[in-house]
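Report on the structure given below.
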Amino acid sequence: MSHIPPLDPMVAAKKGFRESEERLKRFWTVADIVAEGDGWKVVLDGRSPKTPAKAAYVLPTEAAARMVAQEWAAQGEFIEPGTMPATRLAATAIDRVSRTREPVADEIAAYAGSDVICYLAEHPTPLVREQAQSWGPWRDWAASELGVNLVVAEGIIHRAQDPEAIARVKALALDADDHALTGLGMAVPLLGSAVLGLAVMRGALSGEEAFDLSRLEEAFQENQWGVDADNAERTAARREEAILLDRWFRALAK
């Protein structure tokens, strides 16, 4: 998504939050949280670290703030941004998504127009059967729980969805606070599915379950032909991202 940077751990490890921070030395002893208004602020030796836009890390729940503080506490002699995905999520929510909620929601809704769980393979039969059995219940869930009715297509030819369904997904995204919207804005493109992203945000699916559902065809091909080391590494990194986003949503819900 153009308004939210990727959370890929390999990208984060190489680029960090900013190039100048790659080898920033640890400057604190204790990372903790304190109550701040209706939220919780991360503090390092009693002082608040700043986001790239110079804002304090204030999160809406104690659990989410502690998740960020634990990343700061776990740093060694030098800060390693690639090991701080929750901190990156918080900074993105505070600095960027808070100012671009409408465009982010539009991009999330756009995924409903070509949601992965609506596109069944034409063949082979075992894959088609698995997709129908695994994805059908989540289209039904979207209809009953979210009010999002999506139609199914076979093959790669695009089939337009009802504009009301797209609008409903956008409304659901806008109902989320900045931090949950940030997580959703990263989960949806990772999974290729607005439905699966919303299911993780709402706790109906774990991040890992949603990730496995999103790559049924890829997993089928791997079982048939094997997988090389580079693809395995990329898949493992994406799976870890899905798990992290699940933890983020659960912390925001506490």
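Here are the numbers for the structure shown:
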read-out	value
Among (1) at pLDDT 95 or above; (2) not in a helix (DSSP H, G or I) - the single one residue 27 does not satisfy	(1)
Some residue of the stretch 47-63 being of a type in the set (D, E, K, R) and surrounded by 18 or more Cβ atoms within 10 Å (Cβ to Cβ)	no
Selection from the stretch 83-138 of residues that are of a type in the set (S, T, N, Q) and closer than 27 Å to residue 67 by Cβ	83, 87, 92, 98, 100
Meets criteria (touching a residue at least 12 places away in the same chain (Cβ under 8 Å) and closer than 20 Å to residue 63 by Cβ) for residue 252	yes
Meets criteria (of a type outside the set (Val, Ile, Thr) and touching a residue at least 60 places away in the same chain (Cβ under 8 Å)) for residue 185	yes
Residues satisfying the stated conditions in the stretch 91-115, i.e. of a type in the set (Gly, Ala, Ser) and either outside any loop (DSSP other than H, G, I, E, B) or out of contact with any His (no Cβ under 9 Å at 6 or more places or on another chain) (or both)	91, 93, 98, 105, 109, 110, 112
Residue count for the stretch 211-235, restricted to those that are among the acidic types (Asp, Glu), over 24 Å from the mean Cα position of the chain (by Cα) and surrounded by fewer than 13 Cβ atoms within 10 Å (Cβ to Cβ)	1
Subset of the stretch 221-236 [modelled with pLDDT of 95 or more and among the β-branched types (Val, Ile, Thr)]	235
Some residue of the stretch 147-154 being assigned to a helix (DSSP H, G or I) and modelled with pLDDT under 95	no
Residue within the stretch 82-98 that is of a type outside the set (Asp, Glu) and modelled with pLDDT under 95 present	yes
Any chance residue 176 is more than 13 Å from the chain's Cα centre (by Cα) and surrounded by fewer than 19 Cβ atoms within 10 Å (Cβ to Cβ)	no
Matching residues in the stretch 75-90 - criterion: being in a loop (DSSP other than H, G, I, E, B) and out of contact with any Leu (no Cβ under 8 Å at 6 or more places or on another chain)	75, 76, 77, 80, 84
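Every residue, every condition in (1) touching a Ser or Thr at 6+ places or on another chain (Cβ under 7 Å); (2) of a type outside the set (D, E, K, R); (3) modelled with pLDDT under 95, yes or no:
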{"position": "12", "(1), (2), (3)": "no, yes, yes"}
{"position": "34", "(1), (2), (3)": "no, yes, no"}
{"position": "50", "(1), (2), (3)": "no, no, no"}
{"position": "100", "(1), (2), (3)": "no, yes, no"}
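The values are calculated or read from the model by the stated rules, or taken from the named source; none is laboratory data. For clarity, every value in this text was computed on a predicted model and none was experimentally measured. Virtual Cβ from ideal backbone geometry, glycine too; neighbours counted across all protein chains shown.
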